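The block underneath contains the structure these notes are about, expressed in structure tokens.
The values are calculated or read from the model by the stated rules, or taken from the named source; none is laboratory data. These numbers were taken from a predicted model, which means no experiment stands behind them. Note: ideal-geometry Cβ built from the backbone for every residue, glycine included; neighbour counts use all protein chains shown.
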Amino acid sequence: MNPPVLIVGAGPTGLNLALSLARRSVPFRIISEANGPGEHSRALAIQARTLEFYGQFGFADEVIARGVVADSVHIREGGDDHGAHEVTTVSFKDLGNGISPYPFALAYAQDEHERFLIGKLKEAGFDIEWQSKLIGFAEENGGVRATISRNGGMEEARAEYICGCDGAHSRVRETLKIGFPGGTYDQLFYVADVRIEQGFDRDLHFNLGKHILTLMFPVRSSGMQRLIGLVPPELSDRTNLTFEDIRDRVERQLGIQIAELNWFSIYRVHHRVAERFRAGQGFLLGDAGHIHSPVGGQGMNTGIGDAINLGWKLAHVIRRRANPSLLDTYEPERIGFARSLVATTDRAFTPMIAEGISGEVTRRLIAPLIFSVAVRFPPTRHAIFRLISQARIHYPDSPLSQGHAGHVHGGDRLPWLGPGEDDNFIPLRSLDWQLHFYGDSERNLVSTAREFGLATHMFPWGPQAHDAGFQQNGAYLVRPDGYVAVALGDQKESLLKNLIERFGLRFGS
């Protein structure tokens, strides 16, 4: 009745944290004040890095089959008064080929995504406690005592740790008295799910104009398109704005005819990062810790990344496979990225939505020019993919990150070798620590790994390993989340032993 982890919130972040614990046989409770999974799709973009995590769980292919693969992105300019014209088109495969097994963007409606994850939790023997609201909690005896409103009554629950995956208005964050500084953009946005006369379009469309920023992308395999855009300034003060007020402009901007409207809403965009991601026995994940512009499709994926990062660490500590100090690495790793993401998004987003001449020049001239030039060259194409896909996330300053070998440093995402029998992402499905060798292995290091019960994997040296950035005869200690902890260029075991001893790591079941 009182498992060691209490998860508050059952969106994609909370569900992924629950799955991370379930796959490692760690008991938990997951509660939500909602009546059930969402009925509308808010977030829908699943980036390549999230699919790599789902590959570790063993169900990436199932998710891809249920979603819509977007192969290309089209950049259009104009459409304020007349039809827009296309500036450039680029294939995601050109951007990400060789970097990830999933060189594309996947559209998968959040409500369908949540139901899929809930099904995976049920398969693992866990259910969500719906209509269960966290009232508050207090720390006691090295854990927490929480009060939950459920079935018309109140109950108390105890846990070693409480994890706030409960959104921007997080009760966990409020109870921990953690500040949530930031602000709100002045501009008003709209979102609509529609069916278009031209038939289902699987590609992404970005339209930039004098007064406009409009995006269209697939949302459901049933044929729905998602539209996101700026509400025209002269309409932004309307309290009863409807889609019909902007329909003509949207159709003209995108060169489409809308046959059916399924959903329409207006909103303002916030940008905030919590002052801390941990206080005592409480943790913040997802929107409870960070919110920002949805345009880059980063928010939900960042929350899932939080869950993957914290999940294995909690499991290790609870199962006595690591010292509690391992949990101290969660906040510096994830809050650093969240701050960087919000700052980067703000710098890119602010000029794109600005009113007046500066916004017009950015949308009509600067942004299309930068993108059309950048996609011409492989290095910048790959940089764009790494940024959007979250493959570039790394933890160079983490206490878990040490050494370098070739172009790979401790804290980097493990580079992918490519498909085939030497696919180095396949062993990551163990969801456990492992030592990778690329080329020859040094006997003493192999013996040390065996002494500690650490799994080892040998990969032949060749062009693929070289192009991925590995060092010939280099060794790499890989964390359960697919990041390199220690990179050993000389295969000396001292760095490996130091890390194991510092965090009291124990390998194997």
Legend entry - Residue check for G418: of a type in the set (G, A, S) and touching a strand residue (DSSP E or B) at 6+ places or on another chain (Cβ under 9 Å): no
Inset, instruction - Return only the number of the condition from (1) more than 21 Å from G469 (Cβ to Cβ); (2) surrounded by fewer than 16 Cβ atoms within 10 Å (Cβ to Cβ); (3) without any contact (Cβ under 8 Å) to a residue 12 or more places away in the chain that R429 does not satisfy. - result: (3)
Legend entry - Conditions (1) part of a loop (DSSP other than H, G, I, E, B); (2) more than 30 Å from G136 (Cα to Cα); (3) not assigned by TED's automatic domain parsing to the domain that holds L213: number failed by E33: (2)
Legend entry - Subset of segment 460-476 that is small (G, A, S) and under 17 Å from G489 (Cβ atoms) - its residue that is surrounded by the most Cβ atoms within 10 Å (Cβ to Cβ): A475
Legend entry - Count of residues meeting criterion [within 22 Å of V194 (Cβ to Cβ) and in contact with a strand residue (DSSP E or B) (Cβ under 6 Å, 6 or more places away or on another chain)] in segment 252-294: 16
Legend entry - Evaluation of F349 against (1) surrounded by fewer than 19 Cβ atoms within 10 Å (Cβ to Cβ); (2) part of a helix (DSSP H, G or I); (3) at pLDDT below 95; (4) not assigned by TED's automatic domain parsing to the domain that holds F189 (one fails), failing number: (1)
Inset, instruction - Grab the strands (runs of 3 or more DSSP E) fully contained in segment 89-197, keeping just those with 1 or more residues being on the phi > 0 side of the Ramachandran plot and aromatic (F, W, Y). - result: none
Inset, instruction - Please work out if E52 is outside any strand (DSSP E or B) and within 19 Å of R220 (Cα to Cα). - result: no
Legend entry - Qualifying positions in segment 298-340 - of a type in the set (G, A, S), assigned to a helix (DSSP H, G or I) and at pLDDT 95 or above: G303, G305, A307, G311, A315, S325
Legend entry - Count of residues meeting criterion [aliphatic (A, V, I, L, M) and in a strand (DSSP E or B)] in segment 247-289: 8
Legend entry - Close pairs from segment 95-110: first more than 13 Å from D61 (Cα to Cα), partner among the hydroxyl-bearing types (S, T, Y), Cβ under 7 Å, at least 6 apart: G96/S389; S100/S389; A109/S41; Q110/S41
Inset, instruction - For residues that are aliphatic (A, V, I, L, M) and surrounded by fewer than 21 Cβ atoms within 10 Å (Cβ to Cβ), scanning just segment 122-143, find the one that is nearest to V219 (Cα to Cα). - result: A124
Legend entry - Complete set of residues in segment 450-459 that are surrounded by 13 or more Cβ atoms within 10 Å (Cβ to Cβ) and free of Cβ contacts under 8 Å to residues at least 40 places away in the same chain: T456, H457, M458
